[in-house]
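Written out below as structure tokens is the structure these notes cover.
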Amino acid sequence: MKILRPMAVIGLLALAAAVPATAPGHANEAGDLVFAERGPWQLADPLIWSIDQTGPVVEGFKPLGQGTVTLSAATDPADGKPVLELAEQTTRITRKIGPFPVTGGDPVLTFFLETVARDMAALTGGSPFYIRNRLKDALFRGGEVQQDGAARVAVFMPFQQDQNRARMLGFETLELRFTLDDPKQPIRQMAARTGPLAGNQPAYENRMVLK
């Protein structure tokens, strides 16, 4: 069992906090839905998302396959205060990630975005810092909202118009989809997918579904 304090993942939480909803230029319904305030978290029972990740098997990257991510209430041993903790369990890895503050952002959203950024960096050789910034810009500044029955789906194409898209080896087609019922509730589904990658490699897809 690996225990990981959120060093890389907390960067996306900081990016989210850096742009308040009232900031100039932030008039994006899709981004508002994804980054809606869901805290303070009060979890009587753990929340479990299934993971299903597929893609090419190449040097430096192997898909996670299937598994789960669990969000649970915990107690910080340092000060005895309530915190949140993630537990990831897949065919490749078992680890705990945290702690996260109960009044902070959405840890599962952060986990998902950081996973996509990390995987894209591994598959393209690109800078994870550049990728995270472009993801942040797309989610805050772009996207559209689609209706799927009673649910709303926030859809983003973060690299479609990127000046470096010709070097992204297929990730310029990356589409992010977030399915929500009530924006104040946990995101029901999160999905990232591309078309076929360079060199006739299979598409990358990462899907998380709330059980």
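List of remarks:
- Per-residue [θ]222 nm for the chain (sum of -39500 (n - 2.57) over DSSP H runs n ≥ 4, rounded to 500): -7000 deg cm²/dmol
- Residues in region 46-57 carry Karplus couplings, in order, of x, 9, 10, 10, 7, 10, 9, 10, 10, x, x, 9 Hz; the curve used is 6.51 cos²θ - 1.76 cosθ + 1.60 with θ = phi - 60°, and Gly or Pro positions show x.
- Our summary gives region 45-85 a relative contact order of 35 percent, counting only alpha carbon pairs under 8 angstrom and 6 or more residues apart.
- Using C-alpha pairs under 8 Å with a sequence gap of at least 6, the mean separation divided by the residue count of the chain gives a relative contact order of 23 percent.
- Summing charges over neighbours of Gly105, with a neighbour being any other residue whose Cβ is under 9 Å away from its Cβ, gives -1 when K and R count +1 and D and E count -1.
- Per residue solvent-accessible surface (Å²) - region 101-211, probe of 1.4 Å: 45 Å²
- Centre separation in Å (Cα based) which lies between region 139-167 and region 59-76: 24 Å
- Close Lys-Lys pairs in the chain, where close means Cα under 26 Å and separation is 8 or more or interchain: 14
- Using bins of 5 Å that start at zero, the share of Cα-Cα pairs per bin across the chain amounts to 1, 7, 15, 20, 21, 17, 11, 5, 2, 0, 0, in whole %.
- Of the solvent-accessible surface of region 27-210, computed with a 1.4 Å probe over protein heavy atoms with every protein chain present, carbon and sulfur atoms account for 48 percent.
- Annotation: the antiparallel percentage among DSSP beta bridges lying fully within the chain is about 95.
The values are calculated or read from the model by the stated rules, or taken from the named source; none is laboratory data. These numbers were taken from a predicted model, which means no experiment stands behind them. Please note: Cβ atoms are built from the backbone with ideal geometry, for glycine as well, and neighbour counts cover all protein chains shown. All accessible areas refer to the heavy atoms of the entire protein, side chains included, with ligands and DNA or RNA removed. Shrake-Rupley method; radii C 1.70, N 1.55, O 1.52, S 1.80 Å.
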